[in-house]
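For reference, the structure discussed in these notes is given below.
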Amino acid sequence: MNKRKMFNEGQLETLCKIIADTNSGLTGSQIEHYLSASRIKDTDPILTKWKRLYNALVNKQNESQTGDCVLTFISKVLNPSRFVGNSDFYRSILERINTVLLFQGLEFQEDGKYHTVRSAKTLSEAEARASKLEETITSRKLHSHLLKFCKKELLQNNYFHAVLEATKSIASMIREKTDLTSDGATLLDEAFSGSSPILKINAYQTESEKSEQKGFVNLTKGLFGTFRNPTAHSARIEWALAEEDAVDLFTLASYILRRIEKSSR
């Protein structure tokens, strides 16, 4: 992969801040190691980590008039063998790096290699294409009402707020169909419970149908209680949600939305 165009100042700064992040990035000694392995001079070893890395890479890039040195360094840092047992973090950092690389028409994948792709023209396009979560969500053909509420959060892979917005979308649809103004479990009881509920997910004639409706209400209450209430009242740092859990939640929320949409008054 020869003579790749140079990374501009903003792209290079973003890459360095990701790679040398204070909390999760390379240590000072690791920066020294990978610069040396990439045959790049460590020009300012006493600076803060990201600035130290930026100066080394920009100096080499200006000297060679190509972005190849940056790509070489990234490939060594993102060698998959470094992340054995930490795949979630690896995918997370890959996505952030690829958001920048897409402007170069490149994507670094889990096989440890660069792949040539169509160049991104805008930041929104780069974020959307780099986001594997949105790709997964889209493939499941989730309810459009859910995606309307969650799109921005999904593009950012912000699972915490995407969960919150997903559950809000359910309450929103119920209120739209019933003109009720309550929320949470109260809203569900007012809409679906009683001898003559406002909304019915079936004919609501037989004991089996009434039992199904009761189970549906309990399922939705469980969703609210498990995800919405903790996320609404906890600091984000206290609420850990893996990508696979988020995808399962969106799928369940989509199922609930479809049943509500098809319910009759």
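A few points about this structure:
- Most tightly packed first, judged by the mean number of other beta-carbon atoms within 10 Å of their residues, the peptides 20-29, 52-61 read 52-61, 20-29.
- Coupling constants for the range 87-93 follow from the phi torsions by the Karplus curve (6.51 cos²θ - 1.76 cosθ + 1.60, θ = phi - 60°), and in residue order they are 5, 4, 5, 4, 5, 5, 6 Hz; glycine and proline get x.
- 3J(HN,Hα) couplings calculated from phi for the range 51-57 with the Karplus curve 6.51 cos²θ - 1.76 cosθ + 1.60 (θ = phi - 60°) are, in sequence order, 5, 4, 5, 4, 4, 5, 6 Hz; Gly and Pro show x.
- Whole-angstrom gap from the range 69-131 to the range 2-33, using each part's C-alpha centre: 12
- Positive dipole terminus of the range 9-120, leading residue within Gly10, His115, Gly25 (C-beta point charges): Gly25
- Packing-based ranking, highest mean first, of 65-71, 113-119, 185-191 given that Cβ atoms within 10 Å are counted: 65-71, 185-191, 113-119
- In order along the range 109-123, phi translates into HN-Hα couplings of 10, 5, 7, x, 10, 7, 10, 6, 9, 5, 5, 7, 9, 10, 5 Hz, rounded to whole numbers, per the Karplus curve 6.51 cos²θ - 1.76 cosθ + 1.60 with θ = phi - 60° and x for Gly and Pro.
- Other-chain or far-sequence residues with amide H under 5 Å of Leu106's (modelled H): Val117
- Near Arg4, the amide H atoms lying under 5 Å from its own belong to Gly67, Asp68; only residues 5 or more places off or on other chains count, and H is placed 1.01 Å from N.
Every number here is computed from the coordinates shown, using simple stated rules; none is lab data. Note that the structure is a prediction, hence the values are computed from the model and not measured. Using ideal geometry, Cβ is built from the backbone for each residue, glycine included, and neighbour counts are taken over all protein chains shown.
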